[in-house]
Every structure is written in structure tokens, then in C-alpha cells.
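Novice: The structure under discussion is supplied below as C-alpha cells; questions concerning it will follow.
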Amino acid sequence: MMRSPRTRAAEGGGQVSAARLSRFGVAAHLTRGVTGVRVFGVCAVALVPVAAGCGDRTEPPPPPPPTTVTVPASTTTTADPATAVLAGYRAFWGAYLKAADPMDPTSPALAATATGEELQQVRRTFAGHFQKGEVIRGELDLRPKVTGQTGSTATVTDCYGDSTHVFDRATGEQKDPPETVRYQVTATMVTEGGVWKISTMKKEGEGCSAA
């Protein structure tokens, strides 16, 4: 885990409103038959003075066959595993920013999206901000990509833009430099109970170019 720059949270990018990292590593169709209408013969009366009587009764024609609608068989598709991994990565940043304003080191959302080393690091960092009466606000421009996956472990790389900042909770005064920076990071994701969570995050550098 490393000391994080600042934070910003939300397949491939998008902005997420809220806070800033003070350390890194947050370091049927239904088928229906149509019933046919039967037409019965009617005995006609002759208008000429010849025999006028009902001859043999005309038999009604058979009903037409029912009309049916053919419904194509549904196709079962398997979701791209990377989609779930990236959803877990974005969920972490969303939880991070939500818990950062107001500052809440014990937010259940953090434990729902992070685990192990990363979860402990975030909680320690937030506890420090909380004691100082600070909150994190701003935006993150995420550009994550899954660069590796084996079973229940995956690697995500991101070049995210960070325009979040640390503020005094009471006065609203900004307490850090106003610059916006892009950070290159590598995150390790693991599954717990079928949910992808961040277990570690490593800062690789600054000033990267988002694809």
C-alpha cells in the first residue's frame, strides 16, 4: 500500500462525484390460435313459380387452421467476466467517496467493496481525517482495464484523473493544492462471497495518458 494522492470514483471511464484521496491505495410473445368462424348454409326460396323448397342443407366449411406466432428460442449468453471485475473496482471508489463526506471510517460500504490490506489502509486514513475534522470532495475520472484474471483473482490497471480535495468539515476551507492530476495505478481484485473487491492498490506513477 502506498500513500495515495487524492481520490476520485465511478467498461472504461466516467466520472464519479464526491471525495478525494489523501493517500494512495485506497491506497413473449404468447402463441395464440385464432378460432375459425363457421358459415352455415341457408335454405333459399325460389322467386320463380317452380318448385321452391329447401333441398339438401349445405354443410358448413371446416374452420381454418389456427394462426400461430413462432417465438425464437431464447439465447443464453455468458457475461464477460471482466465486466464484473470492473463493476467491483468502480464500486470501491464509489464507496470510498461516499464514506469520505461525511468522513466515516466504519462505513459498511467500505467493507462491501474492499478487503484485506486495502480495507485496513482506507480505514486508517479515514480515521486520521476524521480526527482532524476533514472531508474529501471532488470528482474522479476512472479509466480502468482488466489486464489479467485467473479464477478468483484479477488485476486492474487505471489511469484516473483526480480532482478531489481535502476540506475542513466545519469551514469548508480547502486544505490541499488545487491541481488535478492523473495517476497510474494497479489494483488486485479478489472475490469474496461472489463479490469482486479490491485487496491491494499500488501507485505506478503520475501524469499518465488516459486511453
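Novice: Could you run through segment 117-134 and say how many residues are surrounded by 15 or more Cβ atoms within 10 Å (Cβ to Cβ) and under 12 Å from SER199 (Cα atoms)? If you could, list the steps in order and put the result at the bottom.
Specialist: Step one: filter segment 117-134 for residues surrounded by 15 or more Cβ atoms within 10 Å (Cβ to Cβ), giving 117-119, 121-123, 125-126, 129-130, 134.
Remaining after also requiring under 12 Å from SER199 (Cα atoms): 117-119, 121-122.
The number of residues fulfilling the criteria is 5.
Novice: Go through (1) within 18 Å of LYS145 (Cβ to Cβ); (2) not in a loop (DSSP other than H, G, I, E, B) and name the single condition VAL166 misses.
Specialist: Checking VAL166 against (1) within 18 Å of LYS145 (Cβ to Cβ); (2) not in a loop (DSSP other than H, G, I, E, B), the one that fails is (1).
Novice: Which members of segment 149-174 meet the condition of being surrounded by 15 or more Cβ atoms within 10 Å (Cβ to Cβ) and closer than 30 Å to GLN131 by Cα?
Specialist: Matches in segment 149-174: TYR160, GLY161, ASP162, SER163, THR164, HIS165, VAL166, PHE167, ARG169.
Novice: Continuing with this model, one more query. Do you know which residues across segment 120-137 are closer than 23 Å to ARG169 by Cβ and part of a helix (DSSP H, G or I)?
Specialist: GLN121, VAL122, ARG123, ARG124, THR125, PHE126, ALA127, GLY128, HIS129, PHE130, GLN131
Novice: Is it true that THR125 is under 12 Å from TYR96 (Cβ atoms) and among the hydroxyl-bearing types (Ser, Thr, Tyr)?
Specialist: Here the answer is yes, as THR125 does meet what is asked.
Novice: Would you call ASP158 more than 17 Å from the chain's Cα centre (by Cα), in a loop (DSSP other than H, G, I, E, B) and among the acidic types (Asp, Glu)?
Specialist: no
Novice: Go over the candidates LEU140, LEU97, LEU86, LEU110 one by one and state the one that is in a helix (DSSP H, G or I), more than 16 Å from SER199 (Cα to Cα) and within 22 Å of the chain's Cα centre (by Cα). Talk me through it step by step, then tell me what you get.
Specialist: On the way: LEU140 fails: in a helix (DSSP H, G or I); LEU86 fails: more than 16 Å from SER199 (Cα to Cα); LEU110 fails: more than 16 Å from SER199 (Cα to Cα).
Answer to the selection: LEU97.
Novice: Does at least one position in segment 135-148 carry a residue that is modelled with pLDDT of 60 or more, loosely packed, with under 15 Cβ neighbours inside 10 Å and within 29 Å of GLU204 (Cα to Cα)?
Specialist: yes
The values are calculated or read from the model by the stated rules, or taken from the named source; none is laboratory data. Since the model is a prediction, treat every value here as computed from it, not as a measurement. Neighbour counts run over all protein chains shown; Cβ positions are idealised from the backbone, glycine included.
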